[in-house]
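Notes for the one structure printed next.
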Amino acid sequence: MTLALADITAVILAGGQGRRMGGEDKGLLELNGRPLIASLIEQLERQAVDIVINANRNRQRYRDFGYPVISDELTGFQGPLAGIASALAAVDSDYILILPCDGPRLADDYVARFVAAHAQHGAAIHVAFDGERLQPVHALIRRDLLASLEEFLAAGERKIDRWYALHDFAEVDFSDCAEMFGNINSPDDRARLEQAAP
C-alpha cells in the first residue's frame with residue numbers, strides 16, 4: 001500500500017519543559033535570528049504535509065504560526081508519549097509523523113523517506129535510524145495505536161522505546177544525514193549549530 005501525503009499529519013513536539021535550557025520553551029528559541037519552530041514549519045511546508053504543533057506553554061504564540069496547537073491531555077509534562085497520545089486522538093489522518101522542536105534541520109526528503117519505508121515494510125511504526133542508533137522522536141505512527149498507547153500511559157509507563165517494542169516497527173535509514181539529529185539541549189548546542197549553519 002502506498003501512503004499518500006494526505007494520510008499523514010506531521011506533529012512537531014514542543015511540549016517539554018526545556019529543563020536543560022533553564023526552562024526555556026525550546027520551540028521558540030531562536031537560531032540565527034529565527035524561532036526553531038518557524039524553521040521546521042517552513043521545511044515541512046516544502047514537503048507538502050499537514051502540520052500540527054504539540055505545545056503545553058505559550059500556546060497563543062504557537063498558534064500565531066498558523067497551525068493547530070494540541071496540548072497534552074496528561075498534566076505535568078509527562079514526556080513525548082503524552083504529546084503523541086494527544087496528537088493521535090486529535091488528528092483525522094491515518095498516521096502521524098512526529099519530530100522534535102529542537103532539531104532545526106530536516107532532510108529535504110524527510111517525509112518521503114518515511115513514505116518509502118512504509119511502502120517497503122508496512123509496519124505500524126517506522127522509526128528513524130541514524131546509522132548507529134534509533135532516533136525515537138522521529139517516527140511515523142499509525143493512528144489506531146492510540147488505545148495501546150493510552151493503556152501504556154495509564155500503567156505509569158513513559159519510555160518511548162518500551163512502547164515501540166510492544167509493536168511491529170521498522171527502521172527508516174537516515175545514516176547518510178545523521179547530522180540532522182543534532183538538537184539543542186544546552187546553550188552550547190545552540191552555539192555549535194549556529195556556527196555550523198551554511
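Every number here is computed from the coordinates shown, using simple stated rules; none is lab data. This one's a predicted model, so the numbers in the text were calculated from it and none came from an experiment. Note that we place each Cβ from the backbone using ideal geometry, even for glycine, and neighbour counts take in every protein chain shown.
Evaluate E = 1/(1 + (r/R0)^6) for R61 and A165, where r is the Cβ-Cβ distance and R0 equals 45 Å; express this FRET efficiency to the nearest 0.05.
After rounding to 0.05, the efficiency reads 0.80.
Which one of L140, L40, L153 has the biggest mean-square fluctuation once the chain is modelled by GNM with Cα springs under 10 Å?
Per the Cα network of the chain with a 10 Å cutoff, L153 tops the list.
What number in nm² do you get for the chain if you take the convex hull of its Cα atoms and divide its surface by four? Provide the component values of the computation, followed by the final result.
Values: hull surface 42.3 nm².
So the Cα hull casts an average projection of 10.6 nm².
Taking only DSSP H segments of four or more residues, each worth -39500 (n - 2.57), what value at 222 nm results for the chain once the sum is divided by all its residues, to the nearest 500 deg cm²/dmol? Mind dumping the intermediate values first?
On the way: 7 runs with 63 residues, N = 198.
So the helix-based figure for the chain works out to -9000 deg cm²/dmol.
Among S148, S175, rank each residue by its count of other Cβ atoms within 10 Å, from fewest to most, as a rough exposure measure. Write down the numbers at each step before the final one.
On the way: S148 15, S175 11.
With the fewest neighbours first, S148, S175 line up as S175, S148.
Considering only the chain, what is the antiparallel percent among its DSSP beta bridges, to the nearest 5? It would help to have the intermediate numbers written out before the result.
Details: 11 of 30 bridges.
Here the share of antiparallel DSSP bridges comes out near 35 percent.
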